[in-house]
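Visitor: Below you'll find the structure I mean.
Coordinate-derived values only; no laboratory data. Computed from a predicted model, the values in this text were never measured in an experiment. Positions of Cβ are backbone-derived with ideal geometry, glycine not excepted, and every protein chain shown enters the neighbour counts.
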Amino acid sequence: MPVVEHEGAQIWRRRTTGQSLVRWFGWLLGVAVFVYCWQIISESTTWFFVWDAPRIANDIWTRATPPKWDYITQLGRPIWDTLNIATLGTIIALFLAVPVAFLAARNTTPSALFIRPIALLIIVSTRSINSLIWALLLIAIIGPGVFAGVIAIAIRSIGFCAKLLYEAIEEIDHTQVEAITATGASRWQIMAYGIVPQILPAFAGIAVFRWDINIRESTVLGLVGAGGIGLQLSASLNVLAWPQVSLILIVILAAVMISEWVSAKVRGAII
Amino acid sequence: MSHPELDDLLGKGWRKPAFVKNALLRWTLIVGFIAYLIAAYMTIEVDWGRVYEGLDRGWAFVLAFTSPDFISRWSDIWSGLMESIVMTVAASVVGILISIPIGLGAARNIAPLPVYVICRGIVAISRALQEIIVAILLVAIFGFGPLAGFLTLSFATIGFLSKLLAEDIEAMDKVQAEAIRASGARWTQWVNYGVQPQVMPRLVGLSMYRIDINFRESAILGLVGAGGIGATLNTAFDRYEYDTAAAILILIIGIVMALEYLSGIIRARVQ
């Protein structure tokens with residue numbers, strides 16, 4: 001226990017002098033890094049615009065209110081497209097994620113040495129790249145439109161779903177699998193009767209959770225040209241039609257809240 | 001091998017129980033789902049000719065991953081990457097610092113009702129708006145550059161971290177906090193000695209996770225002019241320079257993996 005002598009009396013301290021020095025230097029380093037980063041940001045900022053910001057914000061606000069309510073008649077189709085992008089993307093992703101998850105889980109993978117790392121690589125690489133970047137890439141490959149959006153959402157979701165699913169597979173109760181094995185079941189029968197019933201609730205939960213996130217993401221995919229309500233948003237932004245922008249933002253907010261509510265209800269019913 | 005007498009004795013054979021128990025609900029879900037799929041499939045326009053043409057380009061992109069070109073646009077990649085990292089660091093520091101008081105205010109068991117309502121309101125707004133939409137608005141207000149990206153990421157961090165921190169505080173052990181209060185501590189001392197030690201490990205873990213997310217998000221903010229690697233990536237796609245794009249994507253994946261590994265170590269140490 002670190003104790004310091006102070007005028008003949010012993011005083012208890014939480015850390016030794018060396019430890020507190022190390023911590024102090026750690027904090028100093030952290031602050032220095034932050035200040036350096038802030039300097040870089042500040043250098044590439046036009047401060048005149050920043051001082052002018054309240055006026056600009058006020059200006060945009062007066063232009064954007066009230067929202068152009070009758071524009072909503074033109075938003076029906078984009079909303080339907082957005083819903084399709086999210087839902088079809090989630091479905092495709094789930095179909096692809098299930099085999100990846102089984103290959104990645106330690107207790108079901110056919111080969112922990114060769115196949116598992118490949119499955120994990122698929123999970124990491126699809127997960128760490130945002131769906132907007134996937135959309136950008138797919139538009140360059142297969143052309144703009146809803147289809148590119150569906151595929152972008154599907155690819156982005158594979159990693160997420162497969163990761164959660166393989167963690168669920170690794171956490172299953174092994175005794176049930178053993179019981180099925182003891183009856184002389186084949187490999188596929190063990191899957192169907194020993195493993196699948198245990199992960200089905202988790203699977204349904206993941207599906208709905210990801211669908212909710214995908215609704216969020218598909219509303220902005222149109223910004224890069226991948227269909228949905230984002231297309232209308234970027235078109236309105238480009239012509240500075242602020243009343244339309246504010247209406248679209250309200251619609252997006254409503255869609256996000258509804259999907260969150262639906263997903264919370266469904267997950268509550270499952271678990 | 002059927003044994004009619006035995007079957008009569010035993011009654012019906014065993015069947016796997018259905019996942020949704022209520023038969024009417026199950027069939028409504030299935031029929032509704034199929035009807036939706038058909039409707040969605042009918043309304044999506046896919047230009048299969050264009051997709052087929054694109055397959056060559058897709059394959060060229062996959063091949064580009066085997067020979068990524070880090071060299072010819074290295075200065076652009078480097079400045080974009082630095083800007084992304086700088087934005088991530090600065091926004092994470094500021095976001096975490098601001099989200100701690102808001103998290104305290106959004107916990108019902110320590111904040112009075114008016115403070116609670118205000119803080120929950122801030123959290124709800126920040127969570128409902130997606131990063132990219134916030135970035136568009138902030139770019140319109142503050143002009144192009146990393147400042148808009150920095151503000152966007154800070155704002156998003158506040159919503160994420162405050163909500164989870166508040167939930168953790170609400171779930172804390174009351175006994176410890178009461179013991180501190182019984183010793184006659186002031187409110188600040190009570191928070192510092194009764195609440196903070198209980199939520200600290202989770203706060204550190206969540207902060208690490210949020211840094212990871214912030215970096216991933218900073219990669220797309222460039223698409224709308226808010227600074228970072230996204231602008232470079234967008235240009236690479238627009239010019240069909242797949243080898244440069246592949247190099248950038250590999251760098252992003254590598255940094256995300258490194259961050260995830262690092263946060264795994266730190267979380268294991270604090271918990």
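Visitor: Could I have the simple spin-label model distance between A:K265 and A:R106, label points 7 Å from Cα toward Cβ, reported in nm to one decimal?
Guide: Output for this residue pair reads 4.0 nm.
Visitor: Oh, and also: If you wrap a convex hull around the Cα atoms of the protein assembly as shown, how much volume per residue is inside, in Å³?
Guide: Working: hull volume 134.6 nm³, N = 542.
Value for the protein assembly as shown: 248 Å³ per residue.
Visitor: Suppose R0 equals 45 Å; then what is the FRET efficiency for A:S186 and B:T235 from their Cβ-Cβ distance, rounded to the nearest 0.05?
Guide: FRET efficiency, A:S186 to B:T235: 0.25.
Visitor: Ignore the peptide's own chain and count Cβ atoms of other chains within 10 Å of each Cβ in A:58-65; give me the average, rounded.
Guide: 1
Visitor: Continuing with this model, one more query. If you plug each phi of the range B:221-230 into the Karplus form 6.51 cos²θ - 1.76 cosθ + 1.60 with θ = phi - 60°, what whole-Hz ³J(HN,Hα) values come out, in order, with x for Gly and Pro?
Guide: Calculated HN-Hα couplings, in order: 4, x, 4, 10, x, 9, x, x, 6, x Hz.
Visitor: Distance from a point 7 Å along Cα→Cβ of B:L29 to each backbone N in the range A:205-221: keep the residues under 18 Å and list them by number.
Guide: Once the point is set 7 Å along Cα→Cβ of B:L29, A:205-212 turn out to lie under 18 Å by backbone N, inside the range A:205-221.
Visitor: Please express the shape of the range A:56-191 as an equivalent ellipsoid: the semi-axes are the square roots of 5 times the eigenvalues of the C-alpha gyration tensor, given largest first in whole angstrom.
Guide: Equivalent-ellipsoid dimensions as semi-axes: 43, 17, 15 Å.
Visitor: Report, as an integer, the average count of C-beta atoms from other chains found within 10 Å of each Cβ along B:81-90.
Guide: 4
Visitor: What list do you get for B:K163, B:K16 if you sort them by fewest beta carbons within 10 Å?
Guide: So the residues, fewest neighbours to most, are B:K16, B:K163.
Visitor: If you average the sequence gap of Cα pairs under 8 Å that are 6 or more apart and divide by the length of the range B:74-270, what percent do you get for the contact order?
Guide: 29 percent
Visitor: Quick check on the exposure proxy: order A:E5, A:E217, A:E171 from fewest to most C-beta atoms within 10 angstrom.
Guide: Values: A:E5 8, A:E217 27, A:E171 12.
The most exposed by this proxy come first: A:E5, A:E171, A:E217.
Visitor: Could you derive backbone 3J(HN,Hα) for the range A:145-155 from the dihedral phi with the Karplus parameters 6.51, -1.76 and 1.60 (θ = phi - 60°), listing whole Hz in sequence and x where the residue is Gly or Pro?
Guide: Residue by residue, the range A:145-155 yields x, 4, 4, 4, x, 4, 5, 4, 4, 4, 5 Hz.
Visitor: Can you pull the one-decimal nm distance between simple spin-label points at A:Q176 and A:W27, each 7 Å off the Cα toward Cβ?
Guide: Placing both labels 7 Å beyond Cα along the Cβ direction yields 5.1 nm.
Visitor: For the range B:136-148, take each phi angle, set θ = phi - 60°, evaluate the Karplus expression 6.51 cos²θ - 1.76 cosθ + 1.60, and give the result in whole Hz per residue in order, putting x for glycine and proline.
Guide: Once rounded to whole Hz, the list reads 4, 5, 5, 5, 4, 7, 9, x, 5, x, x, 4, 4.
Visitor: Need one number: nm distance between label points at B:L113 and B:V46, each 7 Å from Cα along Cα→Cβ, rounded to one decimal.
Guide: About 5.5 nm, to one decimal.
Visitor: Filter the cross-link list B:K16/B:K163; A:K163/B:K174; A:K163/A:K265; B:K21/B:K163 down to pairs whose alpha-carbon distance in this structure exceeds 32 Å. Spell out each step's value before the answer.
Guide: Values: B:K16/B:K163 41 Å; A:K163/B:K174 35 Å; A:K163/A:K265 23 Å; B:K21/B:K163 35 Å.
From B:K16/B:K163; A:K163/B:K174; A:K163/A:K265; B:K21/B:K163, over 32 Å: B:K16/B:K163; A:K163/B:K174; B:K21/B:K163.
Visitor: Can you sort A:E260, A:E7, A:E43 so the residue with the fewest Cβ neighbours within 10 Å comes first?
Guide: Details: A:E260 16, A:E7 5, A:E43 9.
The order, fewest Cβ neighbours first, is A:E7, A:E43, A:E260.
Visitor: Give me the percent relative contact order of the range A:147-210, please, defined on Cα pairs under 8 angstrom at least 6 residues apart.
Guide: That works out to 46 percent.
Visitor: Which chymotrypsin sites (Phe, Trp or Tyr not before Pro) does the range B:117-203 hold that lie in a coil by DSSP with at most 12 other beta carbons within 10 Å?
Guide: none
Visitor: Here is a follow-up. In the range B:89-136, what trypsin sites (Lys or Arg not before Pro) fall in a loop by DSSP, with at most 16 other Cβ atoms inside 10 Å?
Guide: Of the trypsin sites (Lys or Arg not before Pro), the ones in loops of the range B:89-136 whose Cβ has at most 16 other Cβ atoms within 10 Å are B:R108.
Visitor: Show log10 I(q)/I(0) for the range B:1-141 at q = 0.09, 0.14, 0.20 Å⁻¹, two decimals, from a solvent-free Debye sum over equal Cα scatterers.
Guide: Values returned for q = 0.09, 0.14, 0.20 Å⁻¹ are -0.83, -1.05, -1.18.
Visitor: Distances over 20 Å make up what percent of all Cα-Cα pairs in the range B:131-271?
Guide: Pairs farther apart than 20 Å: 61 percent.
Visitor: Determine the relative contact order of chain A: mean sequence separation of Cα pairs under 8 Å and six or more apart, normalised by residue count, in whole percent.
Guide: This gives 23 percent for chain A.
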